[in-house]
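The structure appears right after this line, and notes come after that.
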Amino acid sequence: MPLGETDKIVTLFAREYGKFNIIAKGARRTTSRLAGATEPLMLLKALLAEGMNLDVLTQCDIKESFPAIRADFGLYLRATYCCELLDRMSIERDPDIETFDLLLSTLYILQRAADSDAVVHSFELKLMGLAGYAPMMDACPRCDQMFDTVTGQDSGIIEAAYSPMRGGALCRECAMATREEVMAISPDAATWMRRLAVEDNARAMAEIVLPQPIADQLNRSLRSHLRLRLERDVKSTAFLDAYRVGAMENLSDPLPPDAR
Amino acid sequence: MLHYARPLARLVAEFEKLPGVGPKSAQRLAFYIMRLSDEEARAFADAILEVKAKIGYCKVCFNFTDQEICDLCRDSRRTDDLICVVAEPRDLIAMDKTGEFKGKYHVLGGVLAPMEGIGPDQLKIRELLARLHAHEVKEVILATNPTVEGDATALYLARLLKDLTPRVTRIAHGVPVGGDLDYADQATLIQAFEGRREL
């Protein structure tokens, strides 16, 4: 956020201190040593001076600038979405080392991921887990019967639908019995959701490719789940969704000259 | 209790709405206005009213203008073959001050900022496409700021425009004049290397 002629207010997310705003003096000058460092998606080692209201950034060393994300519009949208989601779910000055490490590893993995949406869904699930909003996927949240996650559909209870309101997958009986809003989810999609929520091997994560129908189901379920927990939309969601379906590039029908 | 007389408090409050002006600066500006003669104060107020009444957007490039089509777009010495795309009218002024560019401009009215809800529909992108459909343009130069959001906007536009014009280019960026290599980030240095040229 610009401040005065050449300063700007920047939101930092620090491993030891959590989220907070600082002033970067002169950072909007092209020759400023802070200009590049105070751009979004930068990993910094920063030295701050305590200020009256906001701390002032005095020195910083850029540790990582994620050039592959900056060079790819799709990755940029996904990284921006992850940052905004974290911003919405975190409170100021609340140190959260696990969340910091999660965001950092997500940005690194995004740069070499075979399927960047799988990485984003994994981030959503892990972030919700850390915040205590993880979707309940091992038992039906209505009847509490455990799902048969080992043998699949051959025996036991299976996942038939996802209920954002109850925050988990419903068994077939509960899905039929309840009138609340539910969305179809296959046992395969539920299995992927469970895996993405716990996958902590970066190489394995980067190699995951979600089949399109599974990706669609996860996107739909997690979007509704998050909207109910956050009680508002994440602004960058609309652009990410539009980009995923190619709508952002569907401007080929320009306005007629007389409508401009 | 009011610290100022009501009209003065109103003026201070109005100044406080300006970008980068805090309570102290607003008070200083308001007290300065108090010291102006009636004619000077009227000229100041008239200038604000006139700019609001007469300045609008050029129908072609969306720069600020007091006419339907701005001077730059009407200038026949400028070629229609080149369009330089900038984010804001002030960027157009900075680019044109160099005197190096002899083509036309297009002002987007901002850059894509997903976290602030600014997408293609909030910018003059459809209007840029309409210009390219209406006239053959040999090159579109993307001159958005070398920030993360400016770069993302350029990447997006490059994909969108590639079938509409033979050449889409991006202004060079890397280490700034007067800059310091020691303080440059990886992305800047990578771009500086990619944009190197023979001496």
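Throughout, read-outs are computed from the coordinates displayed, never taken from laboratory work. Note that the structure is a prediction, hence the values are computed from the model and not measured. So basically every Cβ, Gly included, is an ideal-geometry build from the backbone, and we count neighbours across all protein chains shown.
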Positive dipole terminus of the range A:67-260, leading residue within A:C83, A:W192, A:S163 (C-beta point charges):
A:C83
Can you run the Rg to Rh ratio on the range B:30-82? Use alpha carbon positions and the Kirkwood inverse-distance Rh.
1.26
Cα-based helix-to-principal-axis angle, A:212-230 vs chain A, degrees rounded to 10
70
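Any idea what the dipole of the protein assembly as shown comes to, in debye rounded to 20, about its Cα centre with Lys/Arg Cβ at +1 and Asp/Glu Cβ at -1? Please list the in-between numbers first.
Numbers: 57 positive and 68 negative charges, 196 e Å.
Its charge dipole is roughly 940 debye.
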Taking one equal scatterer on every alpha-carbon of the range A:1-148, how large is log10 of I(q)/I(0) by Debye at q = 0.19 1/Å?
-1.20
Which trypsin sites (Lys or Arg not before Pro) in the range B:75-135 sit in a loop by DSSP (not H, G, I, E or B) and have at most 10 other Cβ atoms within 10 Å of their own Cβ?
B:R77
For B:H133, B:H173, what ranking results if the residue with the fewest other Cβ atoms within 10 Å of its Cβ goes first?
B:H133, B:H173
About the Cα centre, charge dipole magnitude for the range A:1-65 (Lys/Arg +1, Asp/Glu -1 at Cβ), debye:
120
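Grab the Cα-Cα distance for B:D121 and B:R159, subtract it from 0.36 nm times how many residues apart they are, and report the gain in nm with one decimal.
On the way: separation 38, 0.36 × 38 = 13.68 nm, distance 1.63 nm.
Gain in length upon complete extension: 12.1 nm.
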Once you put a point 7 Å from the Cα of A:N201 and another 7 Å from the Cα of B:K17, both along the Cβ direction, what distance in nm separates them?
6.0
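Provide A:F13, A:F123 in ascending order of the number of other Cβ atoms located within 10 Å of each residue's Cβ, fewest first.
Numbers: A:F13 17, A:F123 25.
Exposure proxy ranking, most exposed first: A:F13, A:F123.
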Number of partner chain Cβ atoms within 10 Å, mean per residue of A:187-200:
0
Computed over chain B: longest principal axis from alpha-carbon atoms vs helix B:23-35 long axis, angle to nearest 10 degrees, is 60
Could you sort out which of B:K104/B:K162; A:K25/B:K102; A:K25/A:K235 sit more than 26 Å apart by Cα distance in this structure?
A:K25/B:K102; A:K25/A:K235
Quick one: in the protein assembly as shown, what % of C-alpha pairs are over 27 Å apart?
64
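Kindly give Rg over Rh for the range A:1-65, based on alpha-carbon atoms, with the Kirkwood expression for the hydrodynamic radius.
Numbers: Rg = 10.9 Å, Rh = 11.8 Å.
That ratio equals 0.92.
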To test your reading of the geometry: what angle, between 0 and 90 degrees and rounded to tens, separates the Cα axis of helix B:38-54 from the longest principal axis of chain B?
40
Derived scalar couplings ³J(HN,Hα) [the range B:59-70; Karplus, 6.51 cos²θ - 1.76 cosθ + 1.60; whole Hz; x for Gly, Pro]:
5, 9, 9, 6, 7, 5, 7, 9, 10, 5, 10, 6
Mean per-residue count of partner chain Cβ within 10 Å for B:24-31 equals 0
Please enumerate, by chain and number, the aspartates and glutamates with C-alpha under 13 Å from the C-alpha of A:K8, excluding those fewer than 8 residues away in the same chain.
A:E39, A:D55
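Run the numbers for A:V56 and A:L104: contour at 0.36 nm per residue of separation, minus the present Cα-Cα distance, in nm. Before the final figure, lay out the partial values.
On the way: separation 48, 0.36 × 48 = 17.28 nm, distance 2.36 nm.
Contour length minus Cα-Cα distance gives 14.9 nm.
In what order do B:I125, B:I55 fall by count of nearby beta-carbon atoms within 10 Å, going from fewest to most? Present the calculation step by step, with values, prior to reporting the outcome.
Details: B:I125 24, B:I55 11.
Arranged by neighbour count, lowest to highest, B:I125, B:I55 become B:I55, B:I125.
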Once amide H atoms are placed 1.01 Å from N in the peptide plane, what residues at a sequence separation of 5 or more from A:A161, or on another chain, have their amide H within under 5 Å of its amide H?
A:L170, A:I185
Which one, A:L222, A:A71, A:A202, projects farthest toward the positive side of the charge dipole computed for chain A from Cβ point charges (K/R +1, D/E -1)?
A:A71
Could you tell me the extents of the range B:6-54's C-alpha atoms along the three principal axes, largest first, rounded to whole Å?
29, 23, 18
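Can you give the FRET efficiency to the nearest 0.05 for B:D80 and B:A9, using r as the Cβ-Cβ distance and R₀ = 41 Å? Working shown, then result.
On the way: r = 52 Å, r/R0 = 1.28.
That pair, B:D80 with B:A9, gives E of 0.20.
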Over chain A: Kirkwood hydrodynamic radius from C-alpha pairwise inverse distances, Å:
20.4
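Where does chain B land on Rg/Rh, using Cα atoms and the Kirkwood Rh?
Numbers: Rg = 21.5 Å, Rh = 20.1 Å.
Radius of gyration relative to Kirkwood radius: 1.07.
On a full-extension model of 0.36 nm per residue, what is the gain between A:F20 and A:E173, subtracting their alpha-carbon distance, rounded to one decimal in nm?
Details: separation 153, 0.36 × 153 = 55.08 nm, distance 4.67 nm.
Stretched out fully, the A:F20 to A:E173 stretch lengthens by 50.4 nm.
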